[in-house]
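Heads up, the thing below is written out as C-alpha coordinates.
The values are calculated or read from the model by the stated rules, or taken from the named source; none is laboratory data. The shown structure was predicted, so the numbers you read here are calculated from the model rather than taken from an experiment. As a convention, Cβ positions derive from the backbone with ideal geometry for all residues, glycine included, and neighbour counts pool all protein chains shown.
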(Lines give C-alpha, C1' and ligand atoms only; values in the text may rest on other atoms or scores of the structure.)
Protein backbone atom coordinates (compact mmCIF):
# COMPACT_ATOMS: atom_id res chain seq x y z
CA UNK A 1 0.00 0.00 0.00
CA UNK A 2 1.32 3.44 -0.93
CA UNK A 3 0.32 6.14 1.53
CA UNK A 4 0.03 9.81 0.67
CA UNK A 5 1.14 12.72 2.85
CA UNK A 6 -2.05 12.62 4.87
CA UNK A 7 -2.13 8.84 5.22
CA UNK A 8 -4.48 8.21 2.31
CA UNK A 9 -4.05 5.04 0.22
CA UNK A 10 -2.58 6.11 -3.12
CA UNK A 11 -2.59 2.65 -4.69
CA UNK A 12 -6.26 2.98 -5.63
CA UNK A 13 -5.80 6.17 -7.67
CA UNK A 14 -6.35 5.57 -11.39
CA UNK A 15 -3.35 6.09 -13.68
CA UNK A 16 -5.19 8.93 -15.41
CA UNK A 17 -5.23 11.06 -12.24
CA UNK A 18 -4.27 14.57 -13.44
CA UNK A 19 -0.76 15.68 -12.59
CA UNK A 20 -0.70 18.35 -9.89
CA UNK A 21 2.25 20.74 -9.76
CA UNK A 22 2.72 23.05 -6.79
CA UNK A 23 5.86 25.14 -6.23
CA UNK A 24 7.34 24.25 -2.84
CA UNK A 25 8.82 26.91 -0.56
CA UNK A 26 12.63 27.09 -0.46
CA UNK A 27 14.58 25.93 2.60
CA UNK A 28 15.63 29.54 3.12
CA UNK A 29 16.51 32.62 1.14
CA UNK A 30 20.25 31.80 1.16
CA UNK A 31 20.13 28.00 0.88
CA UNK A 32 22.82 26.92 -1.61
CA UNK A 33 20.46 24.49 -3.32
CA UNK A 34 17.16 26.37 -3.50
CA UNK A 35 17.65 29.84 -2.03
CA UNK A 36 16.37 32.49 -4.43
CA UNK A 37 18.67 35.12 -2.89
CA UNK A 38 21.89 33.10 -3.20
CA UNK A 39 23.47 34.38 -6.43
CA UNK A 40 26.13 31.63 -6.40
CA UNK A 41 23.72 28.82 -5.54
CA UNK A 42 21.77 26.42 -7.73
CA UNK A 43 18.49 28.33 -7.20
CA UNK A 44 16.42 25.21 -7.80
CA UNK A 45 12.65 25.61 -7.85
CA UNK A 46 11.08 22.34 -6.75
CA UNK A 47 7.58 21.29 -7.74
CA UNK A 48 5.31 18.90 -5.86
CA UNK A 49 3.86 16.73 -8.62
CA UNK A 50 1.55 14.79 -6.32
CA UNK A 51 1.72 11.11 -5.41
CA UNK A 52 4.93 11.66 -3.37
CA UNK A 53 6.93 12.92 -6.36
CA UNK A 54 8.86 16.15 -6.89
CA UNK A 55 10.72 17.62 -9.84
CA UNK A 56 12.94 20.51 -10.83
CA UNK A 57 14.64 21.92 -13.89
CA UNK A 58 18.29 22.87 -13.49
CA UNK A 59 20.37 25.07 -15.76
CA UNK A 60 23.95 23.82 -15.50
CA UNK A 61 25.80 27.12 -15.60
CA UNK A 62 29.45 27.21 -16.67
CA UNK A 63 30.24 28.17 -13.03
CA UNK A 64 29.59 24.49 -12.23
CA UNK A 65 32.23 23.18 -14.64
CA UNK A 66 34.41 20.21 -13.70
CA UNK A 67 36.37 18.72 -16.57
CA UNK A 68 36.43 21.05 -19.56
CA UNK A 69 32.87 21.64 -20.71
CA UNK A 70 31.31 19.13 -18.34
CA UNK A 71 29.31 19.61 -15.15
CA UNK A 72 31.16 18.80 -11.93
CA UNK A 73 29.88 15.54 -10.46
CA UNK A 74 29.66 17.10 -7.01
CA UNK A 75 27.30 19.78 -8.28
CA UNK A 76 25.08 17.13 -9.87
CA UNK A 77 25.09 15.22 -6.56
CA UNK A 78 24.15 18.42 -4.73
CA UNK A 79 21.29 19.09 -7.14
CA UNK A 80 19.88 15.56 -6.74
CA UNK A 81 20.30 15.68 -2.94
CA UNK A 82 18.51 19.03 -2.79
CA UNK A 83 15.54 17.86 -4.84
CA UNK A 84 15.32 14.60 -2.86
CA UNK A 85 15.29 16.53 0.43
CA UNK A 86 11.96 18.12 -0.50
CA UNK A 87 10.27 14.72 -0.30
CA UNK A 88 10.33 14.88 3.50
CA UNK A 89 8.14 17.97 3.36
CA UNK A 90 5.48 16.05 1.48
CA UNK A 91 5.17 13.84 4.55
CA UNK A 92 5.50 16.73 7.01
CA UNK A 93 8.99 15.65 8.10
CA UNK A 94 12.22 17.57 8.66
CA UNK A 95 14.90 15.26 7.24
CA UNK A 96 18.64 15.13 6.71
CA UNK A 97 20.55 12.95 4.27
CA UNK A 98 21.73 9.70 5.84
CA UNK A 99 23.02 8.08 2.67
CA UNK A 100 23.14 9.10 -0.98
CA UNK A 101 24.18 6.59 -3.65
CA UNK A 102 24.64 7.76 -7.23
CA UNK A 103 25.46 6.23 -10.59
CA UNK A 104 26.80 8.59 -13.22
CA UNK A 105 25.56 7.19 -16.53
CA UNK A 106 26.29 9.97 -19.03
CA UNK A 107 28.24 13.23 -18.95
CA UNK A 108 26.31 16.48 -18.55
CA UNK A 109 27.47 19.47 -20.56
CA UNK A 110 27.62 22.90 -18.97
CA UNK A 111 25.25 25.55 -20.32
CA UNK A 112 22.49 22.97 -20.72
CA UNK A 113 19.24 22.37 -18.88
CA UNK A 114 18.43 19.06 -17.19
CA UNK A 115 15.36 17.73 -15.44
CA UNK A 116 15.53 16.19 -11.98
CA UNK A 117 12.76 13.95 -10.72
CA UNK A 118 12.48 12.19 -7.37
CA UNK A 119 10.00 10.00 -5.57
CA UNK A 120 9.44 8.36 -2.21
CA UNK A 121 9.91 4.60 -2.38
CA UNK A 122 9.12 3.79 1.26
CA UNK A 123 8.96 5.13 4.79
CA UNK A 124 9.77 3.22 7.95
CA UNK A 125 9.65 5.05 11.28
CA UNK A 126 12.10 7.97 11.06
CA UNK A 127 13.60 6.65 7.79
CA UNK A 128 12.52 7.86 4.38
CA UNK A 129 13.77 6.04 1.29
CA UNK A 130 13.73 7.68 -2.13
CA UNK A 131 15.12 7.57 -5.63
CA UNK A 132 15.91 10.22 -8.22
CA UNK A 133 17.28 10.79 -11.69
CA UNK A 134 18.74 13.59 -13.77
CA UNK A 135 17.53 13.47 -17.36
CA UNK A 136 19.08 15.15 -20.36
CA UNK A 137 17.00 16.99 -22.95
CA UNK A 138 16.88 13.85 -25.13
CA UNK A 139 15.27 11.93 -22.26
CA UNK A 140 18.31 9.81 -21.44
CA UNK A 141 19.34 9.41 -17.81
CA UNK A 142 22.62 11.09 -16.90
CA UNK A 143 22.59 10.38 -13.15
CA UNK A 144 20.42 8.06 -11.09
CA UNK A 145 20.44 7.50 -7.40
CA UNK A 146 18.83 6.37 -4.22
CA UNK A 147 18.82 7.96 -0.80
CA UNK A 148 18.03 7.38 2.82
CA UNK A 149 16.83 10.39 4.80
CA UNK A 150 16.46 10.47 8.57
CA UNK A 151 13.81 12.53 10.32
CA UNK A 152 15.22 15.06 12.78
CA UNK A 153 13.49 17.09 15.45
CA UNK A 154 14.45 20.74 15.20
CA UNK A 155 14.38 22.36 18.64
CA UNK A 156 15.55 25.76 17.52
CA UNK A 157 14.30 28.34 15.07
CA UNK A 158 15.47 27.65 11.51
CA UNK A 159 18.14 30.11 10.29
CA UNK A 160 17.20 32.33 7.37
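Some notes on this structure:
- Residue check, residue 81 surrounded by 18 or more Cβ atoms within 10 Å (Cβ to Cβ), touching a strand residue (DSSP E or B) at 6+ places or on another chain (Cβ under 6 Å) and not in a strand (DSSP E or B): yes
Condition check ((1) loosely packed, with under 15 Cβ neighbours inside 10 Å; (2) at pLDDT 95 or above) across all residues:
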site	(1), (2)
100	no, yes
111	yes, yes
128	no, yes
132	no, yes
138	yes, yes
147	no, yes
156	yes, no
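- Residue pairs meeting the criteria (Cβ under 6 Å; at least 6 apart or on separate chains; first under 17 Å from residue 72 (Cα atoms), in region 39-57; second modelled with pLDDT under 95 and buried (at least 18 other Cβ atoms within 10 Å of the Cβ)): 41/35; 42/33; 44/33; 44/34
- One residue stands out in region 50-69 among those that are in a strand (DSSP E or B) and under 12 Å from the mean Cα position of the chain (by Cα): the one that is surrounded by the fewest Cβ atoms within 10 Å (Cβ to Cβ), namely 57.
- Residues of region 86-110 classified as in contact with a helix residue (DSSP H, G or I) (Cβ under 8 Å, 6 or more places away or on another chain) and within 25 Å of residue 138 (Cβ to Cβ), total: 4
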